[in-house]
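Notes follow the structure.
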Amino acid sequence: MILDGTLPESIAAAAQALRSGALLGLPTETVYGLAADASNDAAVGAIFAAKGRPANHPLIVHVADAAGIAHFAREVPTFAQALIDAFWPGPLTLILPRLPGVASAATGGQDSVGLRCPVHPVAQAVLRASASLGVWGVAAPSANRFGRVSPTTAQHVQEELGAALLVLDGGACAVGIESTIIDCTRGAPVLLRPGAITPDQVQVACGLKMRSNEALAGQLEQAPKASGTLESHYAPRARVRLMDGPALQTALDIWAKALGGTEADTPVLAVYARVGLKVPRRQVLFRHMPDDASATAQQLFAALREFDAQGVQLIWIETPPNTPEWDGVRDRLQRAAH
Ligand code: TXA
Ligand code: MG
């Protein structure tokens, strides 16, 4: 059931649902989440079951404001506090040392907890209303089946998880890809998942250079934590291939030649690119990729879903530019292509 998330009665119903241990489709600025009371292990178990997600993959706990951290984290390093001051509420998740005994199921038993304070007004309203009922944290992974593309509209959530789920409609997500995740348990910021907030912004905000998880492997006291960095993830049904502009044109020419004069009833190939291409329009579903990284992030998952809905078998995508602002989009596309 989809409810208008801008109505106060929807917010109240959502908070009651969370309080009573039910699941909720929750809009945030990044993607829609599948939410439950982070302290209710049975409700958290229902999230894992609904998604088909392995129970050792920890969930992000969402809080209404920075004060909510005290319910879940043991300590907040100085550089992490600087990041909170700079970017909360917003699309940034911080991994912090966990308070013993809290949110055990949500964190997959790890001694750390991922915390995020979303800026979306509907998420904010739900988190505040829930906190007033004693629900201090809301565990919410993206509201898709495990390994699939994250939902960026309320309708996507229904497609993934069925019509029985209560979903608040908060419109299309403004960011469109999942939050930047930074591990703050290792003395310096370590990037676990790229997103809208870039390493440069992090360095400006906290004065420390962001490390990459891969570069630090072997140099750390602690092994890197399960970060959900599975290679095949965010995948549509169709096969995704990434190519630069010239390779894409060559592939299209070969494709057109192979087709000869024959015309398929429906396109089996979709192309998503920034460069100008000579495309056999009738046989190929073409969509223009914006030149701007954030505009591309905003529409990326919806575009992949639309290609799937049109029944194509192949999606050929122009590789994004090799610049930091494209890191989040490039990461999601590389996983989709795996
Ligand atoms: O933008 C987002 O972060 C969205 C919205 C709904 O807030 N949520 C989201 O959740 O993307 P999910 O579960 O799809 O991704 C959470 C990621 C996983 O890769 C998980 O491994 C990592 O966060 N994570 C959570 N807690 C962690 C922890 N304690 N240590 C290391 N990684 C953690
Ligand atoms: Mg996810």
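The values are calculated or read from the model by the stated rules, or taken from the named source; none is laboratory data. If you're wondering where the values come from, they're calculated on a predicted model, not measured in any experiment. Counting neighbours? That spans all protein chains shown, and the Cβs are built from the backbone with ideal geometry, glycine included.
Table: residues versus (1) more than 14 Å from the chain's Cα centre (by Cα); (2) polar (S, T, N, Q); (3) within 8 Å of ligand 1 (Cβ to nearest atom).
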position: A105; (1), (2), (3): yes, no, no
position: S112; (1), (2), (3): yes, yes, yes
position: R116; (1), (2), (3): no, no, yes
position: G134; (1), (2), (3): yes, no, no
position: P151; (1), (2), (3): no, no, no
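Among the residues of segment 133-147, write down those that are over 23 Å from Q16 (Cβ atoms) and either surrounded by fewer than 22 Cβ atoms within 10 Å (Cβ to Cβ) or more than 10 Å from ligand 2 (Cβ to nearest atom) (or both).
If the condition is that a residue be over 23 Å from Q16 (Cβ atoms) and either surrounded by fewer than 22 Cβ atoms within 10 Å (Cβ to Cβ) or more than 10 Å from ligand 2 (Cβ to nearest atom) (or both), then R145, F146, G147 are the ones that fit.
Determine if segment 29-42 includes at least one residue that is aromatic (F, W, Y) and farther than 18 Å from Q124 by Cα.
no
Write out, first by first residue and then by second, each pair whose Cβ atoms fall under 7 Å of each other, whose residues are 6+ apart or on separate chains, and whose first residue, in segment 128-145, is closer than 15 Å to V61 by Cα and basic (K, R) while the second is in a loop (DSSP other than H, G, I, E, B) and away from ligand 2 (no atom under 16 Å from the Cβ).
As it stands, the answer is R128/A64, since those pairs meet every condition given.
So V275 clears everything in (1) surrounded by fewer than 14 Cβ atoms within 10 Å (Cβ to Cβ); (2) touching a Lys or Arg at 6+ places or on another chain (Cβ under 9 Å); (3) of a type in the set (A, V, I, L, M) except one condition, right? Which one?
Condition not satisfied by V275: (2).
Quick test for you: out of A14, A64, pick the one residue that is within 22 Å of the chain's Cα centre (by Cα), assigned to a helix (DSSP H, G or I), more than 12 Å from ligand 1 (Cβ to nearest atom) and surrounded by 22 or more Cβ atoms within 10 Å (Cβ to Cβ).
Numbers: A64 fails: assigned to a helix (DSSP H, G or I).
Answer to the selection: A14.
Filter segment 253-299 down to residues that are in a helix (DSSP H, G or I) and modelled with pLDDT under 95, then give me how many there are.
Here is the first cut: in segment 253-299, the ones in a helix (DSSP H, G or I) are 253-259, 293-299.
This time we only want the ones that are modelled with pLDDT under 95, so: 253-259.
Residues in segment 253-299 being in a helix (DSSP H, G or I) and modelled with pLDDT under 95: 7 in total.
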